[in-house]
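**Q** Below are the structure tokens for one structure; questions will follow.
Bear in mind these aren't lab numbers, they're just calculated from the coordinates by the rules spelled out. Everything numeric here is computed off the predicted structure, so don't read it as measured data. Cβ coordinates were reconstructed from backbone atoms using ideal geometry, including for glycine residues, and neighbour counts include every protein chain displayed.
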């Protein structure tokens, strides 16, 4: 466990989060994504050619060459800037989407805006700005959300929901009452589509339904089974008391597989971004078959970006190749066909 100051700045917290994710095991100890319980029916006679498989999808009016999102991770520190540039350069090369980390640090201190700005090397990617939803109960509103969008020339805005993470942080923001009304105002007035994103514990069907009614344009279910942010907070807890509280929630949440299905049932027409513990192209294929539009990965990309841009591009190539082969072997010639491909419980 690492000692931190009682009142860390947003910038120092960002560095803590990067370091802990890179150096510590912060996976859920027992809870899994649930994707291991699903399998494709293997097709020995798929009647399609591997190189003709169409991986493209359209989201928010932009065509992605592959249904892959580099999930929101970081910003607000010089180290984060270097990582974001590497991620964005690779996303531009492969025509995939990218989310930025929470921009609160730069909204508080505009000198940190550069740590999120990647458009100069990734002019064409589908790019998501990012603000913590709970900040709407702490003085943020449409002005701050629009500033986050404009700061990075984003195509959409993520409002991330991290109730458990805030609750186990000694310095956490924990006023969540009345938040839905604030979300509705942002959805109605901000200039770009709004994505509601969990950070690793999943959305229930009831919450997806309420968010859809409030006007969100997509949900990123970010289910349990990958990085546990209560485990991250355990590693940066300032006292043994706070560490024990955080550690007790290590296996809390809704698995990614269940969260996708809850979202699809609650709002069948709403685009679903699947994330939370995805590790390869087969996981992404399963998520699309369960009802997602794209699959997002964070941890593997963070580790790759810590090495080099080349490591990020190699990871994208590996994941898209796995996805293409999974589609071939399940008889799906396109992502549209993959969404209609049944899975069976293993």
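**Q** Principal axis lengths of the stretch 133-255 from Cα atoms, whole Å, largest first?
**A** 44, 28, 27
**Q** Which whole number in µm²/s is D for the stretch 189-346 by Stokes-Einstein, with the Kirkwood Rh taken over Cα pairs at 20 °C and 1.002 mPa s?
**A** Reported coefficient: 127 µm²/s.
**Q** Compute and list, largest first, the equivalent-ellipsoid semi-axes of the stretch 1-145 from the alpha carbon gyration tensor, each √(5λ) rounded to a whole angstrom.
**A** 34, 22, 15
**Q** Considering the stretch 79-118, what Rg and Dmax in Å follow from its alpha-carbon atoms?
**A** Expressed in Å, the Cα Rg and Dmax of the stretch 79-118 come to 10.7, 33.
**Q** Further question: Put a dot 7 Å past each Cα toward the Cβ at residue 167 and residue 185; how far apart are the dots in nm?
**A** 2.5
**Q** Rounded to the nearest 10 degrees, what's the angle between the helix 179-189 long axis and the longest principal axis of the chain, both from Cα atoms, 0 to 90?
**A** 70
**Q** Would you please state the base-10 log of I(q)/I(0) at q = 0.13, 0.21, 0.31 1/Å for the stretch 138-182, with intensities from the Debye formula using one equal scatterer on every alpha carbon?
**A** Result of the Debye calculation: -0.38, -0.86, -1.12.
**Q** Can you pull the one-decimal nm distance between simple spin-label points at residue 60 and residue 318, each 7 Å off the Cα toward Cβ?
**A** Going by the 7 Å Cα→Cβ label model, 2.8 nm.
**Q** Taking the Cα atoms only, what angle lies between the long axis of helix 142-152 and the longest principal axis of the chain, rounded to 10 degrees?
**A** 60
**Q** Could you work out how far helix 309-329 tilts from the main Cα principal axis of the chain, as a 0 to 90 degree angle to the nearest 10?
**A** 40
**Q** Still on this structure: So, in nm, how far is label residue 311 from label residue 241 when the simple model puts each one 7 Å beyond its Cα toward the Cβ?
**A** A separation of 3.9 nm, rounded to one decimal place.
**Q** Distance from a point 7 Å along Cα→Cβ of residue 334 to each backbone N in the stretch 49-68: keep the residues under 15 Å and list them by number.
**A** 49, 52-59, 63-67
**Q** Just to be sure I understand the curve: with the Debye formula and one point per C-alpha of the chain, what is log10 I(q)/I(0) at q = 0.12, 0.13 Å⁻¹?
**A** -0.81, -0.96
**Q** Rounded, prolate or oblate: pick one for the stretch 239-320, where a ≥ b ≥ c are the square roots of the eigenvalues of its C-alpha gyration tensor, a/c under 1.5 means rounded, and failing that, prolate if a/b is larger than b/c, else oblate. Don't skip to the answer; put the middle values down first.
**A** Details: a/c = 2.93, a/b = 1.07, b/c = 2.75.
Taking the square roots of the gyration eigenvalues as a ≥ b ≥ c, the stretch 239-320 is oblate.
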